[in-house]
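The values are calculated or read from the model by the stated rules, or taken from the named source; none is laboratory data. Predicted, not measured: the structure shown is a model, and the values here were computed from it. Cβ: placed from backbone, ideal geometry, glycine included. Neighbour counts: every protein chain shown.
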Amino acid sequence: MKAFYRQEPTWVPCEDGKQCAKVEVQLEYADPDGRRIELALLKSPATDSTRRIGSLLVNPGGPGDSGVRFAVDPSWATPEVRARYDIVGFDPRGVGSSSPIVCMDSSQVDHLDAEQRAAEAAGDRSRLLQLARDYSDSCRSTFAWLLPHIGTENVAADLDILRAVLKDDKLHFYGHSYGTLIGQYYAERFPDKVGRMVLDSLMYASLSQGEFMIGVAESLDTVFENFVKRCLAETCPLGDDAGAVRDKVRDKVVDMIGRATAAPLSVEG
């Protein structure tokens, strides 16, 4: 493991004046002599090198969002943060430019999307489940070597190697959404290496995926009901009682989706 921690990445100029590099990590940490994979990094250097504190590793969440793309334009960070930290985005294993798991090309994705929409419109739950099984089976067969080693625990271990490679004694980290889980896993595994850490839009590591999604749905219901109450407390243009307001909002949303489906709007970029 020491060899991973002692790496000297080669930084090369990349887009918009940033610097890019690759860092090797162990595919399976229980097998130190086994296969290695590379992680992609992008660095936006501190704007005030005389006051630089260190690197700020960032993860935007997903799971599956690219930290490299997130760091290309770090305008989400305050000027003071950008002045004193190198903003370093990384693509976690299996994502973006880090041994990406790409199970379908764009035409196959379009076909699957059309199949799913047709099954949803027909209320064919068994067809939806079969499409999901076919997709997962295809991915599993193509990436059998990688999928067992994709997970938050391994990403946390990778993160500690990145910390060392960036010459930081402590990890300074910003994680959003799923990125907060990475931060929690890291803090539990490497508590003595935690520096300044911001976990934004927190996910609870103790919850299963099902429990988390139920919590999201319940939270959305709560927010909507608070909207209804607030509207009725004033002069509500949507109705005179809670039922009428709910129906009006539902009808407007269904109508909007129908119009967008019939005549999709194109967006540049």
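Here is the figure for the stretch 163-203: residues that are touching a strand residue (DSSP E or B) at 6+ places or on another chain (Cβ under 6 Å) and assigned to a helix (DSSP H, G or I) total 8.
So that you can scan it fast, the table gives a plain yes or no per residue for (1) surrounded by 15 or more Cβ atoms within 10 Å (Cβ to Cβ); (2) under 12 Å from Pro92 (Cβ atoms); (3) in contact (Cβ under 8 Å) with a residue 60 or more places away in the chain:
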site: Ser141; (1), (2), (3): no, no, no
site: Val155; (1), (2), (3): yes, yes, yes
site: Arg163; (1), (2), (3): yes, no, yes
site: Ser177; (1), (2), (3): yes, no, yes
site: Arg189; (1), (2), (3): no, no, no
site: Asp192; (1), (2), (3): no, no, no
site: Gly195; (1), (2), (3): yes, no, yes
site: Leu199; (1), (2), (3): yes, no, no
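Filtering the stretch 71-104 to residues that are part of a loop (DSSP other than H, G, I, E, B) and among the basic types (Lys, Arg) leaves only Arg93. Considering each residue of the stretch 27-36 in turn, none proves to be touching a residue at least 60 places away in the same chain (Cβ under 8 Å) and not in a loop (DSSP other than H, G, I, E, B).
Arg117 versus (1) surrounded by 20 or more Cβ atoms within 10 Å (Cβ to Cβ); (2) more than 20 Å from Cys20 (Cβ to Cβ): which is the lone unmet condition? Going through the list (1) surrounded by 20 or more Cβ atoms within 10 Å (Cβ to Cβ); (2) more than 20 Å from Cys20 (Cβ to Cβ), Arg117 breaks only (1). Just one of the listed residues (Tyr178, Tyr185) is hydroxyl-bearing (Ser, Thr, Tyr), more than 13 Å from Asn59 (Cα to Cα) and assigned by TED's automatic domain parsing to the domain that holds Trp11, namely Tyr185. Pairs needed: first member in the stretch 242-269, over 30 Å from Glu225 (Cα atoms); second member anywhere, modelled with pLDDT of 90 or more and not in a helix (DSSP H, G or I); C-beta distance under 7 Å; at least 6 residues apart or different chains. As it stands, the answer is none, since no pair meets every condition given. Residues in the stretch 62-80 that are aromatic (Phe, Trp, Tyr) and either closer than 14 Å to Lys43 by Cα or outside the structural domain of Leu162 (by TED's automatic domain parsing) (or both): Phe70 only. Is it fair to say Asp91 is within 17 Å of Val198 (Cα to Cα), touching a Leu at 6+ places or on another chain (Cβ under 8 Å) and at pLDDT 95 or above? Answer is no for this residue. Considering the stretch 224-269, the residues that are assigned to a helix (DSSP H, G or I) and surrounded by fewer than 10 Cβ atoms within 10 Å (Cβ to Cβ) include one that is modelled with the lowest pLDDT, namely Thr261. Under the condition of being modelled with pLDDT under 95 and hydrophobic (A, V, I, L, M, F, W, C), the residues counted in the stretch 15-44 number 1.
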